Amino acid sequence: MDTAFLVFLVGLTVIASVLVKTLFMRIGISPIVGYLALGFLIHVSHRMWDVLFSETVRLFEILALFGIICLLFRVGIESNIKGLWAQLRSASLLWFSNIIFSGALGFGVTYHLLHLPLVPSLFVGTALTATSISVPVAVWDETGAMRTPTGELLLDVAEMDDISGVVLMALILTIAPVLEMGNGADLVGPLAKNMVWFFVKAMGFGAFCFLFSCYAEKPITDFFRRTEEAPAPMLMVAAVGFLIASLAELLGFSLAIGAFFAGLTFSRNPDTVKMEPSFAAIYDFFTPFFFIGVGLTIDPNMLVDSAYLGLLVLGAAVVGKMLGTMLPALYKRGVLTATVLGISMVPRAEIAMVIMKRGRELGEWAVPSSLFGAIVLVAAATCLFAPLSLRPLLSRWLNQGMESQRPEKSLRGIHRWN
C-alpha cells in the first residue's frame, strides 16, 4: 500500500474529526455522535469504492487503542477522589440506586426478554451502569447551573459511576471466559479461583498505584515542571501514565483499566490537574479515533438487525437511569430537580462503549455484532436527545428560583473539557 495515501487518509480523518467536533458543539450535540457517524461513513465508502486496505484498518486500530488510553486517563485524572469522599454521604445513595436499577434492568431485558446468553447480558448490564457526564455538563455550564450544589452532586454521582463501571468491567473481563465454559457446579471452583486471583492482582496493582501517588507522583511531576516548559510536563505525565497502563495490561487488566488508574494516581495533585488542559491536544487527536473505529465496525446490514435490540436496550437505558436517580432524589429535592438529575444521567458514551468494545474483542460469544450495534444506537440516541430534553427543563428549574442555591465558590474544582 502507498504510504503517502495512508498518511493522507489519517490527516483527512483528523481534519474531519475537528470539523465534526466544532459543528456538533455549535448545534448542541455531543461530538461523539459525529465521530460514530464519521466512522460509519468511512465504512460505507469502503464498501462502495474499496478505499481501505488492511494496513489502514490496522493503523486505525492502533490509533483507536491510544484513543482508549487517552480517554480513560482523562477520566481518571478528572476524578477528584478527595472531593468524592467528602460528598460520599450525599452522593452514595443516588450512585448505588442508579447503577442497581440501570444494571439490573439492562441485564433483565437482554437475558430474560431478548433471551441472550448470560455473558452478553452481563456486558450490557455493566455498560448501562456508566454515565457520560460530558454530554449534559455542556448544558449545565451554559445555563450557569453546574456550580450549584445540585450540579456538584450530579458530577459526584457521575464520577462514581465511571469508577464503578471501570471496576465492574475489570471483573467481568476476568469471569466471562469461565462463565462461557457452561453452567453448573463444575464452574464454582474455576470461578472462585479466577475471582480470588482477580482480587489479589487488583489489590497489588491498587497498592502500587496508591504508593506511587503518595511518594513518587509529586517528585516526578515537580521534576518535569522544573526541567521543561509547558506543555512538555503534561506530556511527560501522560507518558508515565502510558507506562502504568502497560503494567496493567501485563497483569491482565487491559490498557484501558490501567490508563484509568494511572489518571487516578495523578488526580490527587492539584498542580497536575491544573496542567491538564495541556493534554487536550493529545486527547483531541487520539480519542476521536476510538469512536471512529467503533463506527468503522458497523455494517449497514447489522444496523437493521440491531434496530429492534437497540430500541429495547434504549428503553432499559433510559428507564433504568431515570428511576434509579429520581426515586432517591424525590424525597428531598422535589419532582423537577429529580427529573433534571435523571435526564442528566441518561447519556451513555465513553465508558459504556469501552466496556462493549472490550467485550467485542473477546469474540462473538461475549458481545454479538448485533448487540454491539444496539449499544452504538443507544449511545447515539441518548447523547442526541438527552441534551435536547434537558435544556428547557433546566431553564425552567433555574427560573423557579433554584439559581438562589448557587454558591459563590464551587464546592470542588470542575475541570472537565470536551
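Order the peptides 259-265, 289-295 from the highest to the lowest mean number of other Cβ atoms within 10 Å of their residues. Display every interim value, and only then the final one.
Numbers: 259-265: 28.6, 289-295: 25.9.
Put in order of decreasing packing, that is 259-265, 289-295.
With θ set to phi - 60°, apply the Karplus curve 6.51 cos²θ - 1.76 cosθ + 1.60 along the range 243-258 and write out the HN-Hα couplings as whole Hz, x wherever there is a Gly or Pro.
5, 5, 4, 5, 4, 4, 4, 5, 7, x, 8, 5, 4, 4, 5, x
Applying the Karplus parametrisation 6.51 cos²θ - 1.76 cosθ + 1.60 with θ = phi - 60° to the phi angles of the range 79-86, what ³J(HN,Hα) value in whole Hz is obtained for each residue in order, glycine and proline being reported as x?
7, 8, 4, 5, x, 5, 5, 5
Return a single number: how many Lys pairs in the chain, at a sequence separation of 8 or more or on separate chains, have alpha-carbon atoms below 27 angstrom apart.
19
Give me the distance in nm between label points sitting 7 Å out from Cα along the Cα-to-Cβ direction at L250 and A86, one decimal.
Label at L250, label at A86, 3.7 nm between them.
List the residues, sorted by chain then number, that are 5 or more residues from S254 or on another chain and whose placed amide H is less than 5 Å from its amide H.
E249
Tell me the volume per residue, in Å³, of the convex hull enclosing the alpha carbons of the range 48-115.
Details: hull volume 10.6 nm³, N = 68.
Value for the range 48-115: 156 Å³ per residue.
To the nearest 10 Å², what's D186's accessible area with a 1.4 Å probe?
The accessible area comes out at roughly 140 Å².
May I ask for the longest run of the chain untouched by GluC sites (Glu not before Pro) that are loop-located per DSSP and have at most 15 neighbouring C-beta atoms (other than their own) within 10 Å?
Numbers: sites that count: E180, E228, E229, E364, E408.
That gives 1-179 as the longest site-free run.
Accessible area of the range 128-227 with a 1.4 Å probe: how many percent of it is carbon plus sulfur? Intermediate values should be presented prior to the final figure.
Values: 3060 of 4390 Å².
Solvent-exposed carbon and sulfur of the range 128-227 make up 70 percent of the total.
Per 20 Å bin, what percent of the C-alpha pairs of the chain does each bin hold, from zero upward?
26, 60, 14, 0
Test of understanding: what is the full-extension gain from V196 to E142, defined as 0.36 nm times their sequence separation minus their Cα-Cα distance?
Working: separation 54, 0.36 × 54 = 19.44 nm, distance 4.68 nm.
So the chain would gain 14.8 nm between V196 and E142.
Could you give the length gained on full extension between E229 and L113, defined as 0.36 nm per residue of separation minus the Cα-Cα distance, in nm?
Details: separation 116, 0.36 × 116 = 41.76 nm, distance 5.71 nm.
Using 0.36 nm per residue and subtracting the Cα-Cα distance, I get 36.1 nm.
Evaluate the relative contact order of the chain (contact order divided by residue number), counting alpha-carbon pairs under 8 angstrom at least 6 apart; express in whole percent.
Values: 558 pairs, mean separation 132.5, N = 418.
Reported as a whole number, the value is 32 percent.
For the range 300-315 and the range 5-45, write down the distance between their C-alpha centroids in whole Å.
Taking the Cα centre of the range 5-45 as reference, the centre of the range 300-315 is 23 Å away.
The values are calculated or read from the model by the stated rules, or taken from the named source; none is laboratory data. All figures in this text were calculated on a predicted structure; none of them were measured in a lab. Reconstructed Cβ throughout: ideal geometry from the backbone, glycine too, with neighbour counts over all protein chains shown. All accessible areas refer to the heavy atoms of the entire protein, side chains included, with ligands and DNA or RNA removed. Shrake-Rupley method; radii C 1.70, N 1.55, O 1.52, S 1.80 Å.
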